[in-house]
Amino acid sequence: MQLTVKDVAGLLNISEKTVYRWIDERKLPGYRLNGQYRFNRAELMEWSTANRINVSPRIFEEPETSGAPLPELSDVLEAGGIFYRLGGTNKPAVLRCVVEMLRLPDTVDREFLLQVLLAREALESTAVGDGIAIPHVRNPIVLHVPQPTMTLCFLERPVDFGALDGKPVHTLFTLISPTVKAHLHLLSRLAFSLRNSEFKKLVLHQAGRDQILAAARKISDGLRKPAAKVETPK
């Protein structure tokens, strides 16, 4: 579903006039269709994260396409793995190292994935500040992977990613997802987790795998919806 100016104003808790102003001043991503602006949920989430603007949780409320539960950050992070001291002296070299490290099916063309990630960076940096970037493909389904994964990589040397805060990147969360819904869900979970002081401190200090995963599980456990109670007939 595409969002209207009114939708965006509600999700960002701003006026519609401010939405139009931010399109010009802050490069709020919108598309003019038949004289009216429309916005993509994924792009709005990415933009708000990069600009450190809080978004209402309602942005993730879309009709379920299946009864399968959405993955939690701790699960996909454990599946994707955590790696240290990755090489590379510039953005393309770093992303190549990341792509080589990803746990992907043999059928995935890694060179194609690298080019897609580089194309995404050419549109706008995925750096979100404080030395952290979240490289990902614009359209998740182009890879046709069976399950979503998120891989955390710590660089041997910080690299310029064109971050808005000017800080070089030393930490990358790379998200690979088979569906747009899972993609949005995991972006939201990661953004939420990076606002958790304990989790972010461990990430910024490049703590051990077990510590980071334990902190991620703690957050995920707190976010999981409790199972509905089944009433037994009296």
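Size of the dipole of the range 89-234 about the Cα centre, Lys and Arg at +1 and Asp and Glu at -1 on the beta carbon, nothing else charged, in debye to 20?
On the way: 20 positive and 14 negative charges, 138 e Å.
It comes to approximately 660 debye.
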Once phi is turned into ³J(HN,Hα) by the Karplus curve 6.51 cos²θ - 1.76 cosθ + 1.60 with θ = phi - 60°, what whole-Hz value does each residue of the range 69-74 show in order, with x for glycine and proline? x, 6, x, 9, 4, 4
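Among bridges DSSP assigns within the chain, what percent are antiparallel (round to 5)? Walk me through the numbers before you get to the answer.
Numbers: 13 of 19 bridges.
DSSP beta bridges in the chain are roughly 70 percent antiparallel.
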Scan around L28 for amide H atoms under 5 Å from its own, H built in the peptide plane at 1.01 Å from N, and keep only partners 5 or more places away or cross-chain. I23
Among beta bridges that DSSP assigns inside the range 83-212, antiparallel share in %, nearest 5: 65
Set Lys and Arg Cβ to +1 and Asp and Glu Cβ to -1, take the dipole of the chain about its Cα centre, and tell me which of L86, L187, T171 lies farthest positive. L187
HN-Hα couplings for the range 3-19 via Karplus (6.51, -1.76, 1.60; θ = phi - 60°), in whole Hz with x for Gly/Pro, come out as 9, 8, 4, 4, 4, 5, 4, x, 5, 9, 6, 10, 7, 5, 4, 5, 4
Take the Cβ-Cβ distance between K17 and D106 as r, set R0 to 45 Å, and report the resulting FRET efficiency rounded to the nearest 0.05. 0.30
Is there a quick way to get the dipole size of the range 62-138? I mean about its Cα centre, with the Cβ of Lys and Arg at +1 and of Asp and Glu at -1; what is the value in debye to the nearest 20? 420
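Between T89 and R209, what's the calculated FRET efficiency when r is the beta-carbon distance and R0 is 25 Å? Round to 0.05. All intermediate terms of the calculation are to be shown ahead of the outcome.
Working: r = 25 Å, r/R0 = 1.01.
Working from the Cβ atoms, E equals 0.50.
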Vicinal HN-Hα couplings computed from phi for the range 49-55 (Karplus, 6.51 cos²θ - 1.76 cosθ + 1.60; Hz; Gly/Pro x): 5, 5, 9, 6, 10, 5, 10
Given backbone amide H placed at 1.01 Å from N, residues whose amide H is under 5 Å from that of L86, ignoring those fewer than 5 places away on the same chain, are F154, L155, E156
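For the chain, what does -39500 (n - 2.57) per DSSP helix run (n ≥ 4), summed and divided by total residues, give at 222 nm, in deg cm²/dmol to the nearest 500?
Dividing the helical sum by the residues of the chain leaves -12500 deg cm²/dmol.
Please give the contour-minus-distance gain from K201 to F154: 0.36 nm per residue of separation, less the Cα-Cα distance, rounded to one decimal in nm.
On the way: separation 47, 0.36 × 47 = 16.92 nm, distance 1.39 nm.
Length gained between K201 and F154: 15.5 nm.
Please arrange F39, F173 by counting, for each residue, the other beta carbons lying within 10 Å of its beta carbon, fewest first. Intermediate values should be presented prior to the final figure.
Details: F39 21, F173 24.
Fewest-to-most ranking of F39, F173: F39, F173.
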Long-range amide H contacts for A127: which residues qualify at under 5 Å (H placed 1.01 Å from N, peptide plane, sequence gap of 5 or more or a different chain)? I134
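No lab work stands behind these numbers, since they all come straight from the coordinates. In this text, all values refer to a predicted model and were calculated from it rather than measured experimentally. Here Cβ is always computed from backbone atoms with ideal geometry, including for glycine, and neighbour counts include all displayed protein chains.
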